[in-house]
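Enquirer: First, the structure itself, so that you have it in front of you.
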Amino acid sequence: MKNVCSVHTHSTMCDGKNTLAEMARAAFAAGCISFGASGHSHTPIPEDEGEVLPADMTAYRAEVLRLREAYAGRMDVLLGVELDSCADVTAEGFDYWIGSVHHMRGPEGGRHTVDWDFETLKRCLREQFAGNSLMMAEYYYDEVRRMAERKPAILGHIDLIAKFNEDGYFFDETDPGYRAAALGALHAADPRETLLEINTGAMSRGYRSVPYPALFLLKEWRAMGGKIILTADAHSADSIVYGFAQAAELARAAGFQRSVLLTLGGREERRLE
């Protein structure tokens, strides 16, 4: 592929299947202009241990900077982090950060994951929300709204709660209540500061047949003057630019003609291929 970057990626330093070096090698082989490491930030949630970066990210930073030097003049290597909404670390000192919600607060407090697997989300709906799926969506999107207000460089998989919803089991995504909750979160984002990603990660892992986010959200983001970036949310080297053609098709359906690439020199806009 041409005119692409891959800056939403995960390695064996968090929950990925390949090392950072292998991920960078795959990005270079795919013709990426830039590769960004964006390991999952540490959280205080015990279940996340082993799936996220350690609180001390010294080794992670050092390896990314080593790769930057190794690919100098051939491909930009960026130091990023995917900062979870309940992270106990900051994004200070990174080239960019992705703001994402993987856990939401329940009505009775505590944190509940939204993307572990179908049964976990089903149990959350039953036990925390008494089967009220709209309430669950509203709690999730309220968390996304708070993240969007922090002005991340990239707002990650804004409708992640729909990961297991292609058959409409959890939500009717055309329901006005559901859409109002999702749009409320989107409207909290600053289109001058934040990019909205079109994310193919759930496709490469067999959970979805289409990228995030839903078309109605992309159309609204365009109306807001927002810009997009294509990401693979790659957890393995063989998915480094997975589904980018389909992501570009979705972008065009929403009226976008260009996407943004992140480089060491800043943002660059390129025509969608």
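Enquirer: When residues of the range 221-265 are filtered for being part of a loop (DSSP other than H, G, I, E, B) and closer than 24 Å to residue 29 by Cβ, how many remain?
Expert: 10
Enquirer: Still on this structure, please answer the following. Kindly evaluate residue 185 against the criterion of being hydrophobic (A, V, I, L, M, F, W, C) and part of a helix (DSSP H, G or I).
Expert: yes
Enquirer: Same structure, new question: Can you find a residue that is hydrophobic (A, V, I, L, M, F, W, C) and in a helix (DSSP H, G or I) anywhere in the range 1-8?
Expert: No, every residue in the range 1-8 fails to be hydrophobic (A, V, I, L, M, F, W, C) and in a helix (DSSP H, G or I).
Matching residues to (1) closer than 15 Å to residue 156 by Cβ; (2) surrounded by fewer than 17 Cβ atoms within 10 Å (Cβ to Cβ); (3) out of contact with any strand residue (DSSP E or B) (no Cβ under 8 Å at 6 or more places or on another chain); (4) among the β-branched types (Val, Ile, Thr):
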position: 5; (1), (2), (3), (4): no, no, no, no
position: 8; (1), (2), (3), (4): yes, no, no, no
position: 25; (1), (2), (3), (4): no, no, yes, no
position: 37; (1), (2), (3), (4): yes, no, no, no
position: 45; (1), (2), (3), (4): no, no, no, yes
position: 59; (1), (2), (3), (4): no, yes, yes, no
position: 83; (1), (2), (3), (4): yes, no, no, no
position: 89; (1), (2), (3), (4): no, no, no, yes
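Enquirer: Any residue at all in the range 152-166 that is free of Cβ contacts under 8 Å to residues at least 40 places away in the same chain and farther than 20 Å from residue 185 by Cα?
Expert: no
Enquirer: For residues that are buried (at least 17 other Cβ atoms within 10 Å of the Cβ), closer than 28 Å to residue 122 by Cα and within 16 Å of the chain's Cα centre (by Cα), tally how many sit in the range 181-209.
Expert: Adding up the residues that qualify gives 13.
Enquirer: Also, I was wondering about something else. Within the range 211-220, can you find the residues that are among the aliphatic types (A, V, I, L, M) and in a loop (DSSP other than H, G, I, E, B)?
Expert: Passing the criteria: only 214.
Enquirer: Let me ask something else about it. Could you say which residue among 178, 139, 212 is open to solvent by 70 Å² or more (accessible area, probe 1.4 Å) and among the aromatic types (Phe, Trp, Tyr)?
Expert: After applying the criteria, what remains is 139.
Enquirer: Restricting to the range 90-121, name every residue that is in contact (Cβ under 8 Å) with a residue 40 or more places away in the chain and assigned to a helix (DSSP H, G or I).
Expert: Scanning the range 90-121 gives 118, 121.
Enquirer: Go through (1) surrounded by fewer than 22 Cβ atoms within 10 Å (Cβ to Cβ); (2) assigned to a loop (DSSP other than H, G, I, E, B); (3) within 19 Å of the chain's Cα centre (by Cα) and name the single condition residue 167 misses.
Expert: Every listed condition holds for residue 167 apart from (3).
Enquirer: In addition: Does residue 184 qualify as being farther than 14 Å from residue 144 by Cα and at pLDDT 95 or above?
Expert: no
Enquirer: Of all residues being more than 20 Å from the chain's Cα centre (by Cα) and of a type in the set (Gly, Ala, Ser) in the range 61-81, which is most open to solvent (accessible area, probe 1.4 Å)? Just the residue, please.
Expert: My answer is 73.
The values are calculated or read from the model by the stated rules, or taken from the named source; none is laboratory data. As the structure is a computational prediction, the values presented were derived from the model and not from experiment. Virtual Cβ from ideal backbone geometry, glycine too; neighbours counted across all protein chains shown. Protein only, heavy atoms only, side chains kept; ligands, DNA and RNA dropped before computing areas. Shrake-Rupley method; radii C 1.70, N 1.55, O 1.52, S 1.80 Å.
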